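Below: the structure, in structure tokens.
The numbers here are math on the coordinates, done by the rules we state, and not lab data. Small disclaimer: the values here were computed from a predicted structure and weren't measured. A quick note on method: Cβ atoms are made from the backbone with ideal geometry, for glycine too, and the neighbour counts reach across all protein chains shown.
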Amino acid sequence: MIRKLLLISFIAFFSFEIHAHQISRSFSKWEIEENTAKAVFTVPARQVTLLPVLEGYSPSLQDQLTTHLRNYLKISVSGQPCQILKGPETQLIDNGYVQSKIEFICPEDGEKLSIYNGAFFPVSAGHIHFARILLDNNDWQEHIFTSSRQESSFSLSSGESERSGFTIFVDYISLGFEHILAGYDHLAFLATILLITFRARQLLLAITGFTIGHSVTLALASLGLVQPSGPAVEALIGYTILLVAFEALIIDETNKKRFVWFGTLLLLILAISALIFGGTLNILTWIGLLLFTLCYGFLLEGRDEAQRAMPVITTIFGLIHGFGFAGVLLELGLPTDGLVLGLLGFNIGVELGQILSVFLAVLILYVLGKTSFRKYHNLAYDISGALLIALGTFWFVGRALML
């Protein structure tokens, strides 16, 4: 039964592409000096394809974004609107992004500069826009625009933002919360934990271990103290899902050692392929994964041992996922005027999203357990484990081999 489910899952999931993170977001870089403001607005091309429902059809993505920015990107000085001096000049750039450059001329007299950015929020309420702003000769400042906060203001005399520390804190809580809910690979790992244990105390210890692990590496990487390889981290996240889901399916099997040897052999073949044809992991990492997989599989004799070891495993794997969280946070950037608050808020947001996800999963499973669905428990368990193995394999192989 398990072998058939694995085969079906592998075929199904290798037939199409799955993205682990699909947060709707865009970026801009502003340079403001005297009465001129220059902006470079960058957005994934797939986001631009949503605009025809709002702006009407345009013959190209460039024209589509140009029209949208003219309508939804505005700045003013003390309430007096700035006028477009040049642009938007829009072009397709590498990695599937569309970039637009625009220049404004502003009134010379005024005390407050305001940037209004309503771009993409009408077509995606969960959209996040991250802006880096340089005002005269002051330091770069990072600002987040969301559907509920589409305007930022600055003092022209001091160059300081009018947002408070509390605003920064709340913004980054929202970022962390939205990231974990859109981070399907992180949610998949949480699901693998539920396959191993459903007991409240053991589940709490496992989630706590995961929290401790990713909190440590999130802080280290975000503060620049450690700089891991992003592609390698993403591949290892897939491995954590694959291994724990694989463990869940074989843990009650009498011939478990055969599965362990078979899984290790497949991993060895993958390692050789990656080293020959190129990949994101170096030889030492592959050796470590092979040894860890083999030892982990043979040391855990049964479900009780696996449940007791789960807090340690989730702590170790949490360290890997923390680097993944940090990669997103570093891409967005931490605010220079509230670095600690931003980091703390993002981590709290991740925890809130994580707690909500686990709570909903437990609630749904509890309710289903009270219905006639209960008699299909074993079948649902095997299918869930097989699907998670397929997901973990897809992400691990695709990222390790850069497919």
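Per residue Cα convex hull volume for the stretch 25-164, in cubic angstrom?
Hull volume normalised by residue count: 105 Å³.
Provide the packing ranking of 120-129, 276-285, 188-197, i.e. peptides ordered by the mean count of other C-beta atoms within 10 Å per residue, highest first.
188-197, 120-129, 276-285
In the stretch 286-314, which residues have a backbone nitrogen under 19 Å from the label point lying 7 Å from Asp252's Cα in the Cα-to-Cβ direction?
What the label zone holds, given the 19 Å backbone N cut-off, is 300-310.
Pick out, in residue order, every one of the GluC sites (Glu not before Pro) in the stretch 226-318 that is DSSP loop and has at most 15 other C-beta atoms within 10 Å; say none if there are none.
Glu253, Glu301
Quick one: how many lysine pairs in the chain have C-alpha atoms under 26 angstrom apart, if they're 8 or more apart or on different chains?
Pairs that pass both the separation and distance tests number 19.
Over 28 Å, how big is the tail of the calculated P(r) for the stretch 252-403, in percent of all Cα pairs?
Considering the stretch 252-403, 40 percent of its Cα-Cα pairs are separated by more than 28 Å.
Assuming R0 = 41 Å, what is the FRET efficiency of Gln83 and Phe359, from their Cβ-Cβ distance, to the nearest 0.05?
In this case the efficiency is close to 0.20.
Which length gain, in nm to one decimal place, applies between Lys112 and Tyr376 when the Cα-Cα distance is subtracted from 0.36 nm times their residue separation?
Taking Lys112 through Tyr376 to full extension adds about 88.7 nm, to one decimal.
Below 8 Å between Cα atoms, with a sequence gap of 6+, how large is the relative contact order for the stretch 25-164 in percent?
The normalised contact order for the stretch 25-164 reaches 27 percent.
If the chain between Ile212 and Ile276 were fully stretched, how many nm would it gain, using 0.36 nm times the residue separation less the Cα-Cα distance?
19.4 nm
What does the charge count near Val362 come to, summing +1 for each Lys or Arg and -1 for each Asp or Glu among other residues with Cβ under 14 Å from its Cβ?
+3
What do you get for GluC sites (Glu not before Pro) in the stretch 83-146 restricted to DSSP loop and a cutoff of at most 16 other Cβ within 10 Å of the site's Cβ?
The qualifying sites are Glu108, Glu111.
With no other cysteine's Cβ closer than 4.7 Å, which Cys residues of the chain count as lacking a disulfide-compatible partner?
Cys295
Along the Cα→Cβ direction, 7 angstrom out, place labels at Glu301 and Leu330. What is the inter-label distance in nm?
The modelled label-to-label distance comes out at 4.3 nm.
Take the Cβ-Cβ distance between Arg201 and Ser124 as r, set R0 to 51 Å, and report the resulting FRET efficiency rounded to the nearest 0.05.
The formula returns an efficiency of 0.80 here.
Which value in deg cm²/dmol, rounded to the nearest 500, describes the helix-derived mean residue ellipticity at 222 nm for the chain, given -39,500 (n - 2.57) per DSSP H run of n ≥ 4 and division by the residue count?
Rounded to the nearest 500, the figure is -19500 deg cm²/dmol.
So if each residue of separation counts as 0.36 nm, and I subtract the Cα-Cα distance between Leu134 and Phe166, what length gain in nm does that give?
Between Leu134 and Phe166, full extension yields an extra 9.3 nm.
Using 7 Å Cα-to-Cβ label points, what is the Ser58/Ile105 separation (nm, one decimal)?
So the label points at Ser58 and Ile105 sit 2.3 nm apart.
Please report, in whole Å, how far the alpha carbons of the stretch 201-319 spread along each principal axis, starting with the longest.
Taking the Cα atoms of the stretch 201-319, the three principal extents are 46, 43, 16 Å.
One-quarter of the Cα convex hull surface for the chain, in nm²?
If you wrap the Cα atoms of the chain in a convex hull and average its projections, you get 22.3 nm².
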